[in-house]
Amino acid sequence: MALFGKMENLNTPNKENKDMSEVEKVKVLIVGSGPAGYTAAIYAARANLSPVMYEGMQPGGQLTTTTEVENFPGYSDGVTGPEMMEDVKKQAVRFGTDVRFGMATAVDLSQRPFKVTIDGTKEMEAEALIIATGATAKYLGLEDETKYAGSGVSACATCDGFFYRGKDVAVVGGGDTALEEALYLAGLCKKVYLIVRRDVFRASKVMQARAEKAENIEILWKHQTKGLFGDGVVEGATLVKNQGTPEEEEVKIAIDGFFLGIGHKPNSDIFADYIDTNEVGYIKTIPGTAKTNVEGVFACGDVQDDQYRQAVTAAGSGCMAAIDAERFLAEQE
Ligand code: NDP
């Protein structure tokens, strides 16, 4: 799964230009789509809660930028991420979910009904709120990533790989995201360097085996990225091998594309004033539930999961969030 870079605005509260005349009251508001949000919508809609969902900047979430999903139960031949998200969205709509394009940009969760601002302008009031805002790709933090943004740097192979057909590229990371990106790019590009900071992968065994078998993937173990170079566009990367050891050496590789695959940051910033998160921003839920520290606010999917981060676990937690919301609203009545 790799998306990335597309939901950053979720973390940018915008309290300006609100039109208070547009306040709309709903029972259940779901912010964010993806397997968690859509599943919450299916359950909430089937419980007659008339949910309204704002899909966020990337309807369908991270799976829409992934290739084949082979591990979601029920798809015995595999399915593409976008197809699966289209299916589950249709299911949510079929039961009456009001799915809208738009993004939560600010919230006030100090009292019920909860106030949620959409796109900085539209004000929603919700009796129960389900947060399913997912996570966004991480960058290394190099100045060159910004310098060459859109000119050779990407965090989404399936979005941008096409531009690098027949060329040489590099992918950073040793987890499933990086290996999935590398394998996808290996099918398009002449050569793919896989820059791995340790001498082991973190990825699943099946992905490791595929990457090691691919003839045009070269694994650069114990390499870290120091910078990128090129005249306006990426033409290469400067790497450090065996950093911090007597064998440390600088290595330059010629590449046209530099892809990030080093994990994700939860999109929880706009909720942080009210909702408890862990030290890296994942929303804390009460174990065994989707409940947050604010009664009536529930969280599901990658924004609250730093352990499993799978489509199937996200869907399961979306179901939990809707059932918890339904019970909460029933208790209020
Ligand atoms: P992971 O946290 O699993 O892996 C991140 C990788 O990036 C690690 O190899 C890590 O190195 C490396 N890394 C992190 N920071 C840096 C850095 N600053 N410089 C260099 N390397 C760095 O994240 P993923 O996004 O790969 O996977 C997250 C979860 O999603 C996992 O549970 C995974 O299984 C799942 N997933 C499943 C897929 C599927 O089933 N099709 C597809 C994609 C993801 P190190 O190991 O040294 O920490």
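The values are calculated or read from the model by the stated rules, or taken from the named source; none is laboratory data. Note that this is a predicted model, so its numbers are computed, not measured. Ideal geometry is used to build each Cβ from the backbone, glycine not excepted, and the neighbour counts take in all protein chains shown. For the accessible areas, the whole protein counts, side chains as well, though only heavy atoms, and no ligand, DNA or RNA atoms are used. Shrake-Rupley method; radii C 1.70, N 1.55, O 1.52, S 1.80 Å.
Structure notes:
- Accessible heavy-atom area order of 57, 103, highest first, probe of 1.4 Å: 57, 103
- Absence of a disulfide-compatible partner, taken as no other cysteine beta carbon within less than 4.7 angstrom, is noted in the chain for 189, 300, 319.
- Candidates 308, 282, 164, ranked by Gaussian network fluctuation over the chain, Cα under 10 Å, top entry: 308
- Note on the chain: Cα-Cα pairs beyond 38 Å make up 21% of the total pair count.
- Cβ crowding within 10 Å averaged over residues, with 82-88, 35-41 ranked highest first: 35-41, 82-88
- Where Rh is the Kirkwood radius over Cα pairs, Rg/Rh for segment 180-333: 1.13
- Residue 76 sits with roughly 110 Å² accessible to a 1.4 Å probe, with DNA, RNA and ligands left out of the calculation.
- Dimensions in Å of segment 128-195 - Rg and Dmax from alpha carbons: 13.9, 51
- Rounded to the nearest whole Hz, the Karplus-based 3J(HN,Hα) values (6.51 cos²θ - 1.76 cosθ + 1.60, θ = phi - 60°) of segment 238-251 follow the sequence 9, 10, 10, 9, 6, 4, x, 10, x, 8, 4, 8, 8, 10, with x at glycine and proline.
- Coarse-grained scattering of segment 139-260 at q = 0.09, 0.11 Å⁻¹, given as base-10 log I(q)/I(0) from a Debye sum over alpha-carbon atoms: -0.21, -0.32
- Comparing 206, 185, 174 along the charge dipole axis of the chain, the residue lying farthest to the positive side is 206, per the Cβ-charge model.
- Going by accessible surface with a 1.4 Å probe and the largest first, 123, 326, 331, 24 read 331, 326, 24, 123.
- Ranked from largest to smallest solvent-accessible area, with a 1.4 Å probe on the protein heavy atoms, 229, 258 come out as 229, 258.
- The solvent-accessible area of residue 27, taken with every protein chain present and a 1.4 Å probe, is close to 90 Å².
- Diffusion constant of segment 242-333 at 25 °C, which comes from Stokes-Einstein with the Kirkwood Cα-pair radius and 0.890 mPa s, µm²/s: 154 µm²/s
- Segment residue 251-residue 197, length gained on full extension (0.36 nm per residue, minus Cα span): 18.1 nm
- Averaging 1/r across all pairs of distinct Cα atoms in segment 32-150 and inverting the result yields a Kirkwood radius of 15.9 Å.
- In the assembled protein chains, residue 245 presents an accessible area of approximately 60 Å² (probe radius 1.4 Å).
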